[in-house]
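The values are calculated or read from the model by the stated rules, or taken from the named source; none is laboratory data. Computed from a predicted structure; not experimentally measured. Virtual Cβ from ideal backbone geometry, glycine too; neighbours counted across all protein chains shown.
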Amino acid sequence: MKRAITLLSLVMLLAFAMAATVYAHGKKAHGEAIEYDPAVEAFGEYHPSFEATKTVDVSMADSMRFSPDELTVNAGDVVKFIVSNDGQLKHEFVLGTAESLQEHAVLMEKFPGMEHEEPYMAHVDPGKTMEILWKFTNTGSYAFGCLLPGHFAAGMKGRITVN
Ligand SMILES: [Cu+2]
């Protein structure tokens, strides 16, 4: 009997996890604009009703570097990141914690075709610019990186300090 209950709770957990995954994925709306579902993460949150209180330009280059690679914001800031890909290769800007980005980078090495759409990431084609909005709710040290295979390991990462 105990075993049956354990199995049932496992199945329910899996069902919840799958529903959460589907819900978290963004929907392409009109044209280039992407409308995301609300999201809450350890490093902040997104809601479609947010309005930017601060704008930050970030450039990505084939030297596997972000410019700037050190950012400072205040807790409560809703930051509009304007992310430009100034290289010839595809790059992406993904917000997270140092740990979450490292884990994600390892997964991307194993499954290079994996494509995610989350409000805290921008996949930018060469010569293009994309914008994302993200609210930093907690003080602390956070991170951003390009998780395309090889890029993160080559040092394509940066730090965000939230005061
Ligand atoms: Cu890159």
Can you tell me how many residues in the range 45-68 are of a type in the set (Phe, Trp, Tyr) and either at pLDDT 95 or above or in contact with a helix residue (DSSP H, G or I) (Cβ under 6 Å, 6 or more places away or on another chain) (or both)? 2
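Matching residues to (1) more than 20 Å from residue 45 (Cα to Cα); (2) β-branched (Val, Ile, Thr):
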position	(1), (2)
87	yes, no
94	no, yes
98	no, no
107	yes, no
114	yes, no
128	yes, no
141	no, no
Which one of these does residue 75 not meet: (1) of a type outside the set (Val, Ile, Thr); (2) touching a residue at least 24 places away in the same chain (Cβ under 8 Å); (3) closer than 17 Å to residue 157 by Cβ? (3)
Which condition number in (1) over 15 Å from residue 158 (Cβ atoms); (2) among the small types (Gly, Ala, Ser); (3) surrounded by 13 or more Cβ atoms within 10 Å (Cβ to Cβ) is the one that residue 84 fails? (1)
Can you report the number of residues in the range 57-94 which are closer than 18 Å to residue 129 by Cα and not in a strand (DSSP E or B)? 10
If we ask which residues in the range 39-56 are farther than 15 Å from residue 93 by Cβ, hydrophobic (A, V, I, L, M, F, W, C) and in a strand (DSSP E or B), their number turns out to be 2
For the range 84-96, which positions are within 11 Å of the ligand (Cβ to nearest atom) and of a type in the set (A, V, I, L, M)? 89, 94
Per the list (1) within 13 Å of the ligand (Cβ to nearest atom); (2) in contact with a strand residue (DSSP E or B) (Cβ under 7 Å, 6 or more places away or on another chain); (3) not in a helix (DSSP H, G or I), residue check on residue 101 breaks on (3)
Tally of residues being within 13 Å of the ligand (Cβ to nearest atom) and closer than 19 Å to residue 66 by Cα across the range 109-161: 21
Picking from 106, 73, the residue that is more than 12 Å from the ligand (Cβ to nearest atom), over 20 Å from residue 36 (Cα atoms) and modelled with pLDDT under 95 would be 106
